[in-house]
Amino acid sequence: MESSLRSRNLKMIRPKLFGALVVVLAVSGFPATESRQPSAAAGIEYSALNCRKHTAVITDFGAVGDGKTSNTKAFREAITKLGQSAADGGAQLVIPPGKWLTGSFNLTSHFTLFIQKGATILASQDESEWPVVAPLPSYGRGRDAPGPRFSSLIYGTNLTDVVITGNNGTIDGQGKSWWVKFRNGEYKSITRPYLIEILFSDNVQISDITLIDSPSWNVHPVYCNNVIVKGLTILAPIDSPNTDGIDPDSCKNTLIEDCYVVSGDDCIAVKSGWDQYGIQVGIPTQQLSIRRLTCISPDSAGVALGSEMSGGIKDVRIEDSTMINTQSAIRIKTAVGRGGYVKDIFARKITMKTMKYVFWMSGAYNQHPDDKFDPKALPVVTNINYRDMTAENVTMAARLDGIEKDPFTGICISNVKMTLAPKAKDLQWNCTDVAGVSNRVEPPVCSLLPEKGSPMDCDFPADKIPIESVELKKCYV
Ligand SMILES: *[C@@H]1O[C@H](CO)[C@@H](O)[C@H](O)[C@H]1NC(C)=O
Ligand SMILES: *[C@@H]1O[C@H](CO)[C@@H](O)[C@H](O)[C@H]1NC(C)=O
Ligand SMILES: *[C@@H]1O[C@H](CO)[C@@H](O)[C@H](O)[C@H]1NC(C)=O
Ligand SMILES: *[C@@H]1O[C@H](CO)[C@@H](O)[C@H](O)[C@H]1NC(C)=O
Ligand SMILES: *[C@@H]1O[C@H](CO)[C@@H](O)[C@H](O)[C@H]1NC(C)=O
C-alpha cells in the first residue's frame, strides 16, 4: 500500500517530523514499528472504542481529491486491503483535506474511517456506482417503493468494532438529484440510498463528522448492539424528503449524544420494522439513551418513536435536549396492523421554542408495506413518562390520539410549563383513547390525564444503560 511517492515524501520530511512522531508514538503507546503516520494529519487526537495499529491514507490507493475524479475503486480497494489487518491490530484509513468523489463502499471489521477537517467525501450522482441491495427482512420492501434498495454510501454488514469519525470532516450526499427524481415519482421499484447504514454489527461508533444533504435517511444502524453516535452535525434543507437524522432500528444498547440536526424529517426516528415483516423478525429497539440533542425540524419530530415499531421499542431515555421550530418534540407513531409495542419511554429536561405540538401520539399512522398486514395486530403503547420541560411559543400543547379499543395507557406528564403562541389553538389538549395522570402542567391537561392530588414526578430510571459506562480510548492519526 506504500507508493514510492509516499516513501519519498516521508524521507524528505523525516527530520522535521521526527520529534513530533516520537511524542505521538510515546503518548499513544503505538509500537515503534508504526512509523507510517500520515504527514498531513500527524498528531490528531480522537476518541474511539479502539485504536488501530495500521494507518493508510486514501491517496495511497490512487485517490484524487479534486471533486471530479471518481475514487470508488480507491475506496473499495483500500478497505479490502486494510481488512487484512483485522487480526493484527486493525487499520485506520485517513481521508485528508480535499473533495473525494466516490460511489458506495463497504466497511470492514476492526477498522476506522477518519475524515479530517477540510476533507469532504462527496457522494457520486452516477447510479451505476451504487450497488443494489436486498430489502431489510423487517421491512419486506424498500421504504420508498416495493423492491430492493440502493446500498447506502457507506455500508457495513456483519461487522464488529467499526468506527467512522474525524475532526469534523464532511460527508456530502449531494442529495438534490435524488430528491428531485423521488418527487417526480421516478423511483417506482427502488428505494433511495442512505448515507451510512450498518447492519448486524456489534461495537459501532459514528462520531465527530458533519453529514450534509443525504439522498434520504442519514445514519441507520439496524440489527446492531453497542452503538455510539456522538458529535454529529447533520444538515439538510427543511423541505428535503425523508432526510431523517439518526434512525436506530432494532438495535440494543445505543447512546446518541451531542448531535445537532436540522432536517426535512425527524431528527431522530426510533424504529423496529414494519407490520408483518417487523413482527416476524421480532428484534426490538431497547436500551437507547438520547441526550444533548439539538433539533430543528419544522415539519417533523425531535424524537419520533415509530412509525415502524413492529419489533417493539422499549427502555428509551431522552434528556437535556433542545428543540427549536420543530413540529413536535416527541411523537409516537403507530397504527392498527403494526403489532409490537412502545413502552417504558422516559423523557426529561427538554427545552422547546416555537412548537406546533409539544406532545403528539398518532394511533392512525396508516402507511403499510402492502395489504397483507394483520388488522388484529394491535400495538401496545404504555408507560410513557414526560417530565421537567419548558416550551415557548406553542400552537397546541398536545394531540394524543390512541386507538379505539386499544387505548394508550400509563401516560404520565409532570412539571411541564408551556407558554402559548399569539395564534395558539383554542383547544390545547385533544385526547382520545388514552389514559394516565398529570401533575403541575400548564396549560391544564385533558380530563383523560387527571391531575394527581399531591405533587409527584413521573419516572426516570436512576440506572444507566451499559454503553453509557464505556470509556473511549485516546487514539491518533
Ligand atoms: C457490500 O456488501 C453487500 C452485502 O454483502 C453487497 O451486496 C454489496 O454489493 C457490497 N458493496 C460493494 C461496493 O462491494
Ligand atoms: C449476517 O448476519 C445475519 C444474522 O446473523 C445472517 O442472517 C446473515 O446471513 C449474515 N450475512 C452475511 C453476509 O454474513
Ligand atoms: C463542524 O462543522 C459544521 C459545518 O461547518 C459546523 O456547523 C459545526 O459547528 C462544526 N462542529 C464542530 C464541533 O466544530
Ligand atoms: C412563534 O411561532 C410562530 C408560529 O406559530 C412563528 O411564526 C413566530 O416566528 C414565533 N415567534 C418567535 C418569537 O419565535
Ligand atoms: C380532536 O382529535 C380527534 C381525533 O384525532 C379529531 O377527530 C378531532 O377533530 C379533534 N378535535 C379538534 C377540535 O381538533
Original post:
Which condition number in (1) within 16 Å of ligand 3 (Cβ to nearest atom); (2) at positive phi is the one that CYS295 fails?
Top reply: (2)
**OP:** Give the stretch 81-97 a look and list any residue that's of a type outside the set (A, V, I, L, M, F, W, C), out of contact with any Pro (no Cβ under 8 Å at 6 or more places or on another chain) and surrounded by 21 or more Cβ atoms within 10 Å (Cβ to Cβ), or say none.
**Re:** GLY90, GLN92
Subject >> Segments classed as strands (runs of 3 or more DSSP E), wholly inside the stretch 197-287, with at least 1 members that are among the aliphatic types (A, V, I, L, M) and at pLDDT below 95 >> reply: none
**OP:** Residues being crowded, with 24+ Cβ neighbours inside 10 Å, in contact (Cβ under 8 Å) with a residue 60 or more places away in the chain and farther than 25 Å from ALA397 by Cα: count how many of those fall in the stretch 284-343.
**Re:** 6
**OP:** Could you run through the stretch 454-477 and say how many residues are in contact with a strand residue (DSSP E or B) (Cβ under 9 Å, 6 or more places away or on another chain) and closer than 20 Å to ARG387 by Cβ?
**Re:** 11
**OP:** Could you tell me which residue of the stretch 176-221 is farthest from ligand 2 (Cβ to nearest atom), considering only residues that are surrounded by fewer than 24 Cβ atoms within 10 Å (Cβ to Cβ) and β-branched (Val, Ile, Thr)?
**Re:** VAL180
Original post:
SER207 versus (1) in contact with a helix residue (DSSP H, G or I) (Cβ under 7 Å, 6 or more places away or on another chain); (2) under 27 Å from GLN92 (Cα atoms): which is the lone unmet condition?
Top reply: (1)
**OP:** Under 6 Å between Cβ atoms, at least 6 apart or on separate chains: pull out the pairs that start in the stretch 254-267 with a residue that is farther than 11 Å from ASP299 by Cα and end on any residue that is away from ligand 1 (no atom under 16 Å from the Cβ) and not in a strand (DSSP E or B).
**Re:** THR254/PRO248; LEU255/ILE467; LEU255/GLU468; ASP258/GLY231; CYS259/LEU232; VAL261/GLY245; VAL261/CYS267
**OP:** Residues that are of a type in the set (Ser, Thr, Tyr) and closer than 30 Å to GLY311 by Cβ: find the strands (runs of 3 or more DSSP E) completely inside the stretch 64-164 holding 3 or more of those.
**Re:** none
**OP:** Filter the stretch 394-416 down to the residues that are more than 11 Å from PHE359 (Cβ to Cβ) and of a type in the set (A, V, I, L, M, F, W, C), then identify the one that is surrounded by the most Cβ atoms within 10 Å (Cβ to Cβ).
**Re:** PHE408
**OP:** Check whether at least one residue in the stretch 181-195 is assigned to a strand (DSSP E or B) and at negative phi, and report yes or no.
**Re:** yes
**OP:** Please list, ordered by first then second residue, the pairs with beta carbon atoms under 8 Å, 6 or more apart or interchain, first in the stretch 230-251 and more than 11 Å from SER214 (Cβ to Cβ), second surrounded by fewer than 24 Cβ atoms within 10 Å (Cβ to Cβ) and of a type in the set (Phe, Trp, Tyr).
**Re:** LEU232/TYR260; THR233/TYR260; ASP249/TYR223; SER250/TYR223; CYS251/TYR223
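The values are calculated or read from the model by the stated rules, or taken from the named source; none is laboratory data. Predicted model, so just to flag it, every value in this text is computed and none were measured. Here Cβ is always computed from backbone atoms with ideal geometry, including for glycine, and neighbour counts include all displayed protein chains.
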